[in-house]
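No value in this document is a laboratory result; all are computed from the given coordinates. The model shown is predicted, which means the values in this text are computed figures rather than measured ones. Here the Cβ is made from the backbone with ideal geometry for all residues, glycine too, and neighbour counts use every protein chain on show.
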Amino acid sequence: MNFSLSRYMSATLLLTLSVTSCKSVSGTMATPAADRDSIYLRADLRDSRIIWGDEFNADSLDRSVWNIEINGSGCGNNELEYYLDTPDNVCLKDGNLLLTACRRQYKDKPFTSGRVNTCGKKAFTYGVVVAHIRLPRTANGLWPAFWMMGDDIRTNPWPRCGEIDILEMGHSDGISAGTQDRLFNGAIHYGTDSHIQKAGVLTSPYSLQDGKYHTFYCYRSPHRIAMYVDDIPTPYIDIDISNTGDLEHPGYYFHKPHFILFNLAVGGDFTGIHDADRITADLEKDATMAIDFIRVYSLPEDFDKR
C-alpha cells in the first residue's frame with residue numbers, strides 16, 4: 001500500500017478558552033463506564049505497572065499535559081479541516097475526550113475539527129501505549145488517528161524526529177474496497193535526507209466503527225515496535241529497531257521520547273479526497289472520535305522473547 005503521509009508537525013498556536021460545554025453528540029456511543037469496567041486488557045499487561053494515564057474524567061482538558069492545536073495548514077497532507085480550540089471541536093464529556101468534525105467554513109477551510117498533542121509536556125520511550133477509542137463512521141473522507149512524534153521535533157524536523165502511527169483509518173484503499181469500517185493501518189516514518197516508511201495494514205474481521213470502544217496498543221522495547229488491536233493475537237505491524245547505527249534503519253530514530261497525538265482529519269491525501277463535496281460522512285450525527293482513556297504501561301518482561 002502506498003501511503004502519502006508526510007505529516008510533519010507545523011507550528012502550533014495555542015489558545016486558552018473557557019470550555020464549559022460540548023456539542024451534543026448523537027448516534028450509538030456506548031456507555032463509557034460500562035465499557036471501561038468490562039474492557040479486555042491483553043493478558044500480558046494485567047500485571048504491568050501504569051506509568052502514566054489520562055482517564056478524561058475532569059471537567060476540562062488538562063492544559064498542563066495537552067496542547068490543543070489551532071492549525072489550518074493542511075498538515076502536509078492537503079487536509080480539508082481547520083483545527084480549532086473550541087468546545088464544538090474539542091472537549092471532555094461523560095469521561096471521554098471528544099474530537100468532532102463539523103461542516104462549517106473557517107477561513108479558507110470548509111470544515112473544522114480537533115487535534116491535540118502532548119508535545120513538550122509528556123513523552124515516552126519504552127513501554128506500552130494504550131488507547132480505548134470509539135471511532136466514528138468514516139464513510140468517505142473522515143480520517144481518525146492516534147499516533148506519536150519525536151519530542152525533539154522542534155530541533156530535529158520531520159521525518160528525522162521519527163513518527164509512530166498506531167491507528168489510522170479512512171484510507172482510499174478502504175474506500176475503493178468498501179471496507180472503510182475495517183481497514184486500518186499502523187506505520188513508522190523516519191529518515192535523514194529522505195522519507196522512509198514502513199506500514200502494516202489490517203482488514204479487521206469485524207467492524208471497528210460499530211459504536212463500541214476498541215483498544216489499540218503500541219509495544220516499544222529497545223528491540224521492537226509492535227502494534228495490536230483488541231484481543232487479536234497477531235500484531236498488525238512488528239518492526240525491528242535493534243540496529244541503531246545505520247541512518248537507513250528505523251533503529252536509528254526510535255530510541256528517544258515520543259509525544260502523543262489524537263486527531264480527526266477530514267479529507268486529504270490519505271483518503272484520496274480533496275473536494276469537500278465528496279465527503280460522505282454524516283457530520284451531523286456521527287463525526288466524533290471519543291477517547292475513553294490513554295495509558296502508558298511498563299513493558300512485559302517477556303515481550304522480546306515472543
Cross-link pairs beyond the 27 Å C-alpha cut-off, checked among 93/212; 122/198; 107/212; 93/122; 93/121; 107/285: 107/212
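Taking 0.36 nm per intervening residue step and subtracting the Cα-Cα distance, what contour gain separates residue 247 from residue 94 on full extension? If you can, show how the numbers build up before the last one.
On the way: separation 153, 0.36 × 153 = 55.08 nm, distance 4.53 nm.
Additional length available on full extension: 50.6 nm.
So, by mean Cβ neighbours within 10 angstrom, what's the order for 68-77, 194-203, 223-232 with the highest one leading? Please report the intermediate quantities before stating the final value.
Details: 68-77: 19.5, 194-203: 15.5, 223-232: 17.9.
For the peptides 68-77, 194-203, 223-232, the packing ranking is 68-77, 223-232, 194-203.
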Testing the spin-label approximation: label points 7 Å from Cα along Cα→Cβ at residue 256 and residue 284. State their distance in nm. 4.8 nm
Taking the Cα centroid of region 204-237 and of region 157-196, what is the distance between the two, rounded to the nearest whole Å? 15 Å
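What size of dipole, in debye to the nearest 20, comes out for the chain about its Cα centre when the only charges are +1 on Lys and Arg C-beta atoms and -1 on Asp and Glu C-beta atoms? Walk me through the numbers on the way to the answer.
Values: 30 positive and 40 negative charges, 73 e Å.
Its charge dipole is roughly 360 debye.
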Between residue 192 and residue 302, what is the spin-label point distance in nm, taking each point 7 Å from the Cα along the Cα→C-beta axis? 3.9 nm
Starting from the 7 Å offset along Cα-to-Cβ, what nm value, one decimal, do you get for the label separation of residue 231 and residue 156? 3.9 nm
If you average the sequence gap of Cα pairs under 8 Å that are 6 or more apart and divide by the length of the chain, what percent do you get for the contact order? 27 percent
Hey, which aspartates and glutamates would be in cross-link range of residue 256, C-alpha to C-alpha under 14 Å, not counting anything within fewer than 8 residues on its own chain? 151, 152, 163
Quick one: Debye curve from the alpha-carbon atoms of the chain only, equal weights, vacuum; give me log10 I(q)/I(0) at q = 0.09, 0.10, 0.11, 0.12 Å⁻¹ to two decimals. -0.40, -0.50, -0.61, -0.74
